[in-house]
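The values are calculated or read from the model by the stated rules, or taken from the named source; none is laboratory data. Everything quoted here is computed from the prediction, not taken from an experiment. Neighbour counts are summed over all protein chains in view; Cβ atoms, including those assigned to glycine, are modelled from backbone coordinates with ideal geometry.
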Amino acid sequence: MEGFTERAIDTIKNVPSGKVMTYGQVAAHAGSPRAARQIARILHSMSAKHELPWHRIINAQGKIVLNDEESRYTQRALLIKEGIKVSESGFVDLNLYRHDPFGN
DNA sequence: TTCATGACCGTAG
DNA sequence: ACTACGGCCATGA
């Protein structure tokens, strides 16, 4: 493994379709539990380049928090297409769709 | 090395 | 559900 960023990207790539992970979860799995903000930055800047399933990453409340209106719509559409139920206000039920890297 | 920057997190009102 | 605040921390200039 390289550094935090590498592990984070790897973690994100391993989120299966139909599941989601929170920023904090990814950070923790990458070795830095309190570095959730870095995950946000990684997705913001490298999602296209690394072909990451960026739409499967949401915040700890299970809510979509993108600033851009268009991106929000896209993310919601992608999640729904994978079978995830998303409320109109952009909430996802983490109890049902949370992906646990360790399989718990 | 210091400084600003985030698609965050948890708590509180 | 919404806003406000303080805390956290890996990057890049």
Practice item. Report, ordered by the first and then the second residue, all pairs with beta carbons closer than 7 Å, sequence separation of six or more or different chains, a first member in segment A:1-27 that is surrounded by fewer than 13 Cβ atoms within 10 Å (Cβ to Cβ), and a second member that is assigned to a helix (DSSP H, G or I). Key: A:Met1/A:Arg7
**Study point:** Selection count, segment A:65-103, where residues are at pLDDT 95 or above, touching a Lys or Arg at 6+ places or on another chain (Cβ under 6 Å) and among the aliphatic types (A, V, I, L, M)
**Key:** 1
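So is A:Gln38 more than 13 Å from DNA strand C (Cβ to nearest atom) and not in a loop (DSSP other than H, G, I, E, B) or not? Before you say what the answer is, go through the steps one by one.
On the way: more than 13 Å from DNA strand C (Cβ to nearest atom): no; not in a loop (DSSP other than H, G, I, E, B): yes.
When the stated conditions are applied, A:Gln38 does not pass them.
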Exercise for review: Working only within segment A:83-104, note down all residues that are among the charged types (D, E, K, R), surrounded by 11 or more Cβ atoms within 10 Å (Cβ to Cβ), in a loop (DSSP other than H, G, I, E, B) and under 14 Å from the mean Cα position of the chain (by Cα).
Suggested key: A:Asp93
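State all residues of segment A:12-41 that are hydrophobic (A, V, I, L, M, F, W, C), closer than 18 Å to A:Lys63 by Cα and within 9 Å of DNA strand B (Cβ to nearest atom); if no residue qualifies, say none. Break it down into steps so the answer makes sense when it comes.
Step one: of segment A:12-41, the residues hydrophobic (A, V, I, L, M, F, W, C) are A:12, A:15, A:20-21, A:26-28, A:30, A:35-36, A:39-40.
Pick out the ones that are also closer than 18 Å to A:Lys63 by Cα and you get A:12, A:15, A:20-21, A:26-27, A:36, A:39-40.
Hits for segment A:12-41 are A:Val26, A:Ala27, A:Ala36, A:Ile39, A:Ala40.
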Practice item. Looking only at segment A:58-82, count how many residues are of a type outside the set (A, V, I, L, M), part of a loop (DSSP other than H, G, I, E, B) and under 24 Å from A:Arg41 (Cβ atoms). Key: 5
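Keeping to segment A:18-35, report how many residues are of a type in the set (D, E, K, R) and more than 11 Å from DNA strand C (Cβ to nearest atom). Working first, answer last.
Filtering segment A:18-35 down to residues of a type in the set (D, E, K, R) leaves A:19, A:34.
Applying the additional criterion that residues be more than 11 Å from DNA strand C (Cβ to nearest atom) yields A:19.
Final tally of qualifying residues: 1.
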Exercise for review: Only residues that are within 8 Å of DNA strand B (Cβ to nearest atom) and either under 14 Å from A:Phe4 (Cα atoms) or of a type in the set (Phe, Trp, Tyr) (or both): list them for segment A:42-68, please.
Suggested key: A:Leu43, A:Trp54
